[in-house]
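Quick note: the coordinates plus some simple rules give every number you see, no bench work behind them. Computed from a prediction, not measured in an experiment: that's the story for all the values here. Ideal geometry is used to build each Cβ from the backbone, glycine not excepted, and the neighbour counts take in all protein chains shown.
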Amino acid sequence: MAQDSRERMLASAASLLGVRGLRATSFTEVLRDSGAPRGSIYHHFPGGKRQLAADALRRTSEQILAYQRTCRADTAAGVLEHFVELFRRSLSSSACRAGCPVAGVVIDTTSPRDPLREIARASFRSWIALLTEQLVNVGTARRDARSLAVTTLASVEGGLVLCRAEGTVAPLEAVARQLRALASSPPLRSRRPRRPAAGRAPPGRRRG
């Protein structure tokens, strides 16, 4: 039960950080949104609001990595579409109010040495690293794969802001179309046999 209340608070904190940012997210709002008992907040997060934010960022990052690792695409365009789909779902389920909690924390921290900024930076880098490896696995040259991964993340994060401003998922759909076109352009196409992005052998085939 205690672990359940902690998870609810982390989920609520991540959602609120994405929508309101770090400064505008309070313990009171997290408790109200999660339904957790008031006495549990300092039991689970004795370091206060910053510990809650840090743990929520780590949880969010791991969830995104876990989701992206389920990708079984065998093309660069498919890898990127899988990544975009997670954010598309988030926007669709929140009437385009959802934002990225990692970006929300970056905007509200000013020092590059701020521990929360460091967690955010590590989160972004881990997503880029995974996308890069998945793109390489489906045949994209490594020198292009990382650049494409950075472009994808930057485009999606910017798309989220525009979607919230416009109240529609259309900006993210425009991003998705351009990423598909970019990933399918001749310089980035695979010149060797493709394998699923996660690196597993395709169904019906065994590795030696």
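So the values come out like this:
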{"quantity": "Exposure proxy ranking, count of Cβ atoms within 10 Å, fewest first, for 50, 142", "calculated": "142, 50"}
{"quantity": "Space enclosed by the convex hull of the alpha-carbon atoms of the range 1-123, per residue, Å³", "calculated": "115 Å³"}
{"quantity": "Length released on extending from residue 154 to residue 111, taking residue separation times 0.36 nm less the Cα-Cα span", "calculated": "13.4 nm"}
{"quantity": "C-alpha long axis of helix 170-183 to longest principal axis of the chain, angle in °", "calculated": "40 degrees"}
{"quantity": "All-pairs alpha carbon distance profile, the chain, 5 Å steps from 0, percent", "calculated": "1, 7, 14, 17, 17, 15, 11, 8, 5, 3, 1, 0"}
{"quantity": "Residue-span extension gain [residue 177 to residue 65] - 0.36 nm each, minus C-alpha spacing", "calculated": "38.1 nm"}
{"quantity": "Separation of alpha-carbon centers, the range 39-99 and the range 103-155, rounded to whole Å", "calculated": "14 Å"}
{"quantity": "Pair residue 122, residue 58: separation of 7 Å Cα→Cβ label points (nm)", "calculated": "0.7 nm"}
{"quantity": "Acute angle (nearest 10 degrees) that the helix 2-20 long axis makes with the longest principal axis of the chain, alpha-carbon atoms", "calculated": "70 degrees"}
{"quantity": "Full-stretch length increase - residue 27, residue 141 - with 0.36 nm per residue and alpha-carbon distance subtracted", "calculated": "36.4 nm"}
